[in-house]
1. Before anything else, pin down the relative contact order of the chain: Cα pairs under 8 Å, at least 6 apart, normalised by residue count, whole percent.
2. Per the helix-only calculation at 222 nm, which mean residue ellipticity applies to the chain, given -39500 (n - 2.57) for every DSSP H run of n ≥ 4 and division by its residues, nearest 500 deg cm²/dmol?
3. How many percent of DSSP beta bridges within the chain run antiparallel, rounded to 5?
4. Compute the length gained on full extension between Asn10 and Lys361: take 0.36 nm times their separation in residues and subtract their Cα-Cα distance, giving the result in nm to one decimal.
5. Quick one: work out Rg over Rh on the C-alpha atoms of the stretch 482-547, Rh as Kirkwood radius.
6. List the trypsin sites (Lys or Arg not before Pro) in the stretch 459-513 that DSSP assigns to loop (not H, G, I, E or B) and whose Cβ has at most 15 other Cβ atoms within 10 Å. Which are they?
7. If you place +1 on the Cβ of every Lys and Arg, -1 on the Cβ of every Asp and Glu, and leave all else neutral, what size is the dipole of the chain about its Cα centre, to the nearest 20 Debye?
8. Rounded to two decimals, what is Rg over Rh for the stretch 4-317 when you use alpha-carbon atoms and the Kirkwood radius?
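A short reminder: the numbers here are calculations on the coordinates, not readings from a lab. Small disclaimer: the values here were computed from a predicted structure and weren't measured. As a convention, Cβ positions derive from the backbone with ideal geometry for all residues, glycine included, and neighbour counts pool all protein chains shown.
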Amino acid sequence: MFKLFKNLTNKDKKVILIVATLVVFSVFLDLRMPEYMSEITKLVQTKDSTMKEILNAGGHMLLCAILSLVCTITVGYFSSFLSADFSKNIRRKIFTKVESFGIAEIKKFQTSSLITRTTNDVTQIEMLLSMGLQMMIKSPVMAIWALVKILGKSTELSLVTGTGVVIIVITNLFIIKMVTPRFSKIQKYTDQLNGVTRENLTGIRVVHAFNAEKFQEGRFEDVNNDITKTHLTIQKTFALMDPIMNFVMHFQHLGIYVVGAMLIVKAGMMDKITIFSNMVVFSSYGMQVIFSFLMLTMIFMILPRAQVSAYRINEILEEDLSIKDGYYKGLTDKKGIVEFKNVSFKYPDADEYILKNISFKVNQGETIAFIGSTGSGKSTLINLVPRLYDATEGEVLVDGVNVKEYKLSTLNNKIGYIPQKAFMFTASVKDNVAYGNNGREKPNIEKVKEAIKVAQGKDFVEKMPDKYDTMIARGGTNISGGQKQRLSIARAIARDPEIYIFDDSFSALDYQTDLKLRTELKKYTKNATSMIVAQRIGTIMNADTIVVLDKGECVGIGTHKELLKKCDIYKEIALSQLSEEELENA
């Protein structure tokens with residue numbers, strides 16, 4: 001919890017100081033009122049007292065009440081401001097940190113959990129600050145101050161009040177011990193609930209197609225029941241507080257008056273007035289003490305869950321990044337050169353290598369393609385270039401420099417990456433294609449149109465209602481898979497990168513569109529390097545170099561015709577797609 005509060009800004013710290021000062025002043029005012037009440041009690045029972053003296057004491061008491069009200073309202077305003085500002089800053093820091101995560105960190109935390117931590121967990125901290133800040137300062141100050149004021153007045157009455165305090169403290173400690181581990185479960189169940197819901201919505205077409213609604217409802221119900229049962233257990237535990245607090249409060253009142261009555265019976269006339277006055281003071285201060293612990297109880301309802309949330313947030317903020325930013329800014333005459341030197345790779349915590357001792361080099365203007373059976377490591381290999389992962393052994397060089405030494409922004413500006421799964425953002429066609437920062441001037445509408453034309457998307461875009469200003473739905477659900485791939489390719493073209501990386505980016509295109517796109521792309525990107533992962537022989541047969549992968553190893557490298565002669569695995573893949581006559585005439 002305290003680690004998280006290190007993120008407080010100087011402005012937030014000043015607000016806390018103001019709140020603390022106002023709360024302490026408010027406590028001072030609240031604790032002055034019983035003293036004025038005691039004074040009024042004595043004046044009423046003293047023969048020589050005047051109405052002016054009684055009204056004067058009553059006026060001071062009323063002034064304390066009004067000033068305490070003003071302080072409470074002001075503290076509420078500043079607490080709301082503080083909680084909103086702090087949660088805004090924490091959400092920004094979480095979002096920024098998650099943006100710097102590599103795929104390894106995303107897999108470690110999982111998307112559903114990251115969403116929960118950015119929203120629900122931050123909300124728990126916000127509730128603690130907005131509702132609990134005043135009580136966290138006021139409760140202990142008031143309790144200690146009130147006890148100090150009454151302890152010297154009467155040993156017997158102090159003992160009654162102290163007994164009530166001990167009962168409340170023991171009850172609170174018991175409840176905290178019971179509920180804290182359950183709040184940790186609540187947040188984990190919330191992660192699971194978000195995960196099941198997100199998966200259900202993402203795969204809704206498959207759910208409908210396989211009549212799996214009941215199965216999905218069952219999965220949701222299991223997690224929903226778990227979170228409900230845990231909540232009920234927590235609430236039942238907290239429900240013990242109300243009757244116990246009422247019992248202690250009434251027991252304390254009764255105890256004070258019983259003990260006070262016994263003391264009055266034994267005392268002389270002058271002492272009777274003092275004892276009765278002390279009874280009024282003890283009764284009022286006793287209420288203040290009980291009220292303080294009641295506020296602490298409310299904090300204990302918020303604090304355990306906030307502690308769990310703070311720990312989960314700190315896990316993100318303190319996570320050590322697997323992909324660390326370098327220092328090199330790419331000031332070199334070389335362009336578009338990619339070289340792998342004895343590169344091997346295995347996923348974090350995995351035992352087996354996915355890639356083993358891969359070496360090749362591709363120069364500017366050349367095209368290199370990668371082919372192999374499913375699971376051979378093609379996508380993993382090209383993902384090492386933009387540093388979605390880092391090589392476990394060996395070196396990946398871009399323009400003669402190890403990619404680990406580049407500043408990530410510099411490296412990304414050299415690359416136009418088209419992922420295996422084309423993704424569209426909730427924005428217009430124009431904004432999706434001109435997306436991001438390429439370190440130069442942002443693509444204008446003419447550049448966007450040119451990129452879409454090269455990607456063979458002009459025909460379908462200009463048939464849309466608003467053409468280039470047509471809004472794309474979240475995830476591109478209002479366009480087809482092939483259209484998404486073409487817009488994704490256009491997005492890379494609009495960057496004018498040195499290196500294009502196509503991760504099976506032509507799979508959703510028909511053969512005719514695929515051929516047209518590659519022909520236009522070859523003309524447009526003649527000075528750029530292209531790295532292509534594909535399953536189709538037709539997509540890669542004209543590449544300058546083809547790398548054949550099998551179980552993570554390079555089993556063949558050369559041109560299409562060379563590989564047909566010397567690589568059996570490549571020939572087998574080729575014959576499974578094209579006839580011998582087609583291959584000979586290719």
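1. 14
2. Values: 22 runs with 364 residues, N = 586.
The helix-only estimate for the chain comes to -20500 deg cm²/dmol at 222 nm.
3. Working: 19 of 38 bridges.
Close to 50 percent.
4. On the way: separation 351, 0.36 × 351 = 126.36 nm, distance 5.26 nm.
So the chain would gain 121.1 nm between Asn10 and Lys361.
5. Working: Rg = 11.1 Å, Rh = 12.1 Å.
Reported Rg/Rh (Cα atoms, Kirkwood Rh): 0.91.
6. Numbers: sites: Lys463, Lys467, Arg474, Lys484, Arg486, Arg491, Arg495; in loops: Lys463, Arg495.
Answer by residue number: Lys463.
7. Details: 73 positive and 62 negative charges, 264 e Å.
Using only the charged Cβ atoms, the result is roughly 1260 debye.
8. Working: Rg = 26.1 Å, Rh = 23.2 Å.
Radius of gyration over Kirkwood radius for the stretch 4-317 works out to 1.13.
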